[in-house]
1. Just one of 161, 150 is in contact with a helix residue (DSSP H, G or I) (Cβ under 8 Å, 6 or more places away or on another chain), of a type in the set (D, E, K, R) and farther than 30 Å from residue 3 by Cα; which is it?
2. When the residues of segment 176-219 are narrowed to those that are over 26 Å from residue 138 (Cβ atoms) and of a type in the set (Phe, Trp, Tyr), which ends up modelled with the lowest pLDDT?
3. Given the criterion modelled with pLDDT under 85 and loosely packed, with under 15 Cβ neighbours inside 10 Å, identify the matching residue among 168, 122.
4. Being of a type in the set (Val, Ile, Thr), over 17 Å from residue 191 (Cα atoms) and touching an Asp or Glu at 6+ places or on another chain (Cβ under 9 Å) is the filter here, so list the residues in segment 40-96 that pass it.
5. Yes or no: residue 41 within 17 Å of residue 210 (Cβ to Cβ) and modelled with pLDDT under 95?
6. Output the residues belonging to segment 131-162 that are over 23 Å from residue 97 (Cα atoms), polar (S, T, N, Q) and not in a strand (DSSP E or B).
Amino acid sequence: MRRYEIRDDQWDNIKDLLPAERKPQGGRPPNDHRQILNAMLWVARTGAPWRDLPEYYGSWFTVYSRFCRWKIAGIWDRILEHVSIEPDFESIMIDATIVRVHQHGAGAKGGPLSKLFWAVPRRIEQMDLTKKQVLADRAYDTNRILHLLKEQSATSVIPSKKNRLKPRKWDKEIYKERHLIECFFNKVKNYRRLATRYDKLACTFRAFLTLASIMVWLA
């Protein structure tokens with residue numbers, strides 16, 4: 001097994017979620033899904049252009065095309081949902097990190113910096129926060145967010161901003177658990193395709209983020 005490639009136990013966990021390989025009709029046999037996935041992981045971890053894919057993975061265009069097809073078909077999202085079974089929803093952690101945009105990706109909106117927002121497992125506006133503990137740093141101490149949490153009877157574990165006239169109380173012991181989301185950012189940023197944004201399309205960048213998240217769950 002080469003560097004960055006998926007282990008046997010990881011592969012066994014997700015292989016049945018991938019589409020059936022098309023049977024050749026007098027042409028070349030289809031590339032093995034595992035080999036294709038390993039090629040995708042190589043691109044994600046190195047940040048290299050698709051065209052620089054080592055020859056032993058086969059045609060870079062085949063790998064790129066399958067990555068796009070699986071992205072459009074929602075394969076990455078289904079795999080992430082599968083591997084992230086039974087998450088602990090007692091606490092919800094919200095954070096963001098800055099991703100520098102490479103010149104190859106600068107043609108998209110967002111400028112030289114792109115902000116990666118992650119509420120584990122999805123954005124706060126889309127979540128049922130009823131009676132949950134919501135952990136975030138003081139950047140999220142806004143009246144809008146606090147009102148949203150109050151509407152859902154959620155417990156705010158967010159330090160008050162220094163300019164707030166009446167500081168709020170918050171559980172400092174529970175707040176220590178926020179290190180988990182920092183660890184998550186550190187792990188996904190081991191993938192250079194995420195540490196620096198090379199992709200112009202947000203949907204492609206998100207697909208790489210989902211792939212990296214899958215591998216974090218499988219680790």
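The values are calculated or read from the model by the stated rules, or taken from the named source; none is laboratory data. Keep in mind it's a predicted model, so treat the numbers as computed, not measured. No Cβ is skipped: glycine too gets one built from the backbone with ideal geometry, and neighbour counts run over all protein chains shown.
1. Sole residue among the options that is in contact with a helix residue (DSSP H, G or I) (Cβ under 8 Å, 6 or more places away or on another chain), of a type in the set (D, E, K, R) and farther than 30 Å from residue 3 by Cα: 161.
2. 198
3. Selected residue: 122, the only one of 168, 122 that is modelled with pLDDT under 85 and loosely packed, with under 15 Cβ neighbours inside 10 Å.
4. In the first step, residues of segment 40-96 are kept if they are of a type in the set (Val, Ile, Thr); the result is 43, 46, 62-63, 72, 75, 79, 83, 85, 92, 94.
Next cut, over 17 Å from residue 191 (Cα atoms) only: 62-63, 72, 75, 79, 83, 85, 92, 94.
The answer is 94, and nothing else.
5. The answer is no for residue 41.
6. 152, 153, listed by residue number.
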